[in-house]
Every structure is written in C-alpha cells, then in structure tokens.
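The values are calculated or read from the model by the stated rules, or taken from the named source; none is laboratory data. If you're wondering where the values come from, they're calculated on a predicted model, not measured in any experiment. Virtual Cβ from ideal backbone geometry, glycine too; neighbours counted across all protein chains shown. Ligands, DNA and RNA are excluded from the accessible area calculation, which covers all protein heavy atoms including side chains. Shrake-Rupley method; radii C 1.70, N 1.55, O 1.52, S 1.80 Å.
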Amino acid sequence: IGLRPRMLGGVCVSSWVPAAPGLRAGDEVPDWMVWAALDCGSAGPAIDLVQRHEAVLTGELIADLRRPALVGSDLRLSSRAISQDGRRIVTEVALLEGREIVAVARATWITVDRNFLECIAEAR
C-alpha cells in the first residue's frame, strides 16, 4: 500500500497517499486498505522493541474508522508502543489528514523467534 514507516524518537511515522487500481482521486479508499495501513503503521514501534533474532506477528487489531479516507489525499500515520509484557507488545496508531483523525487503532503484537518463522516457511 506504499507505506515507508520510520522511527523518530520512539514514535513511528509515515506518510501515505492512498491509491488503488480502478479508483480516482477523491474516491473513498476501501476499508481493507485503511485496516492494512493501520496494521503496518502500528508495527514499527513493536519491531523497534524486539531483539535481532525475533519477529512480531499481529495478535489483534482493534480499529475505529472515523471517516472515509480519500484516494489521493495526503495522510500520515503516527504510532507508539504503550506497553510490553513478556512476548506481548501493545501499540496504538492514528491515521490523520492535517489535524483531523481519520482512524485510530490499538494493536497487540506477539514476538516469535525468527527461526520458527523460517521453519514454517520451509515446510510449505
């Protein structure tokens, strides 16, 4: 979906100009794309907290889409970690257009050993 998140002092930020095949500027972005942006945008702080041999998997994503995002609009995501307990990391993310909130979400991330993921991939 074109996000390039980066960490800035413990906060993950990314700009996003939504685009989708068959949609024109001003059309509503499909909800699944907004959910994907929130999921990706909330991952940065969790990834920033794990060790080199670990990865994170989405455990849960709870979102509130407050208004439609529009194709071609200049949006930004901002996220941060709010807690970490063992293998569980909770982050929150906001999708904004200017000062207006488009959507917010809270994500639970679970850390796993990268070797475990590689074993699963090789088994396929």
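If I ask for residues that are open to solvent by 70 Å² or more (accessible area, probe 1.4 Å) and under 19 Å from residue 106 (Cα atoms), which ones from the range 24-37 would you list?
If the condition is that a residue be open to solvent by 70 Å² or more (accessible area, probe 1.4 Å) and under 19 Å from residue 106 (Cα atoms), then 31, 32, 35 are the ones that fit.
Taking the options 66, 76, name whichever one is at pLDDT 95 or above and exposed (fewer than 14 other Cβ atoms within 10 Å of the Cβ).
None of the others qualify; the one that does is 66.
Results for (1) exposed (fewer than 15 other Cβ atoms within 10 Å of the Cβ); (2) at pLDDT 95 or above; (3) in a helix (DSSP H, G or I); (4) not polar (S, T, N, Q), shown as yes or no for each residue.
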{"position": "13", "(1), (2), (3), (4)": "no, yes, no, yes"}
{"position": "22", "(1), (2), (3), (4)": "yes, no, no, yes"}
{"position": "39", "(1), (2), (3), (4)": "no, yes, yes, yes"}
{"position": "45", "(1), (2), (3), (4)": "no, yes, yes, yes"}
{"position": "62", "(1), (2), (3), (4)": "yes, yes, no, yes"}
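Using beta carbons and a limit of 9 Å, which pairs, at least six apart or on different chains, have the first residue in the range 105-124 and over 24 Å from residue 35 (Cβ atoms) and the second one part of a strand (DSSP E or B)?
Sorted first by the residue in the range 105-124, then by its partner, the pairs are 113/54; 113/55; 114/54; 114/55; 116/55.
Identify the residue in the range 48-60 that is assigned to a strand (DSSP E or B) and in contact with a strand residue (DSSP E or B) (Cβ under 6 Å, 6 or more places away or on another chain) and, among all such residues, is surrounded by the most Cβ atoms within 10 Å (Cβ to Cβ).
Among them, the one singled out is 56.
State the number of residues belonging to the range 64-82 that are under 17 Å from the mean Cα position of the chain (by Cα) and outside any loop (DSSP other than H, G, I, E, B).
10
Test residue 112 against the stated conditions and say whether it is under 14 Å from the mean Cα position of the chain (by Cα), surrounded by 11 or more Cβ atoms within 10 Å (Cβ to Cβ) and farther than 24 Å from residue 22 by Cα.
Against the criterion (under 14 Å from the mean Cα position of the chain (by Cα), surrounded by 11 or more Cβ atoms within 10 Å (Cβ to Cβ) and farther than 24 Å from residue 22 by Cα), residue 112 does not qualify.
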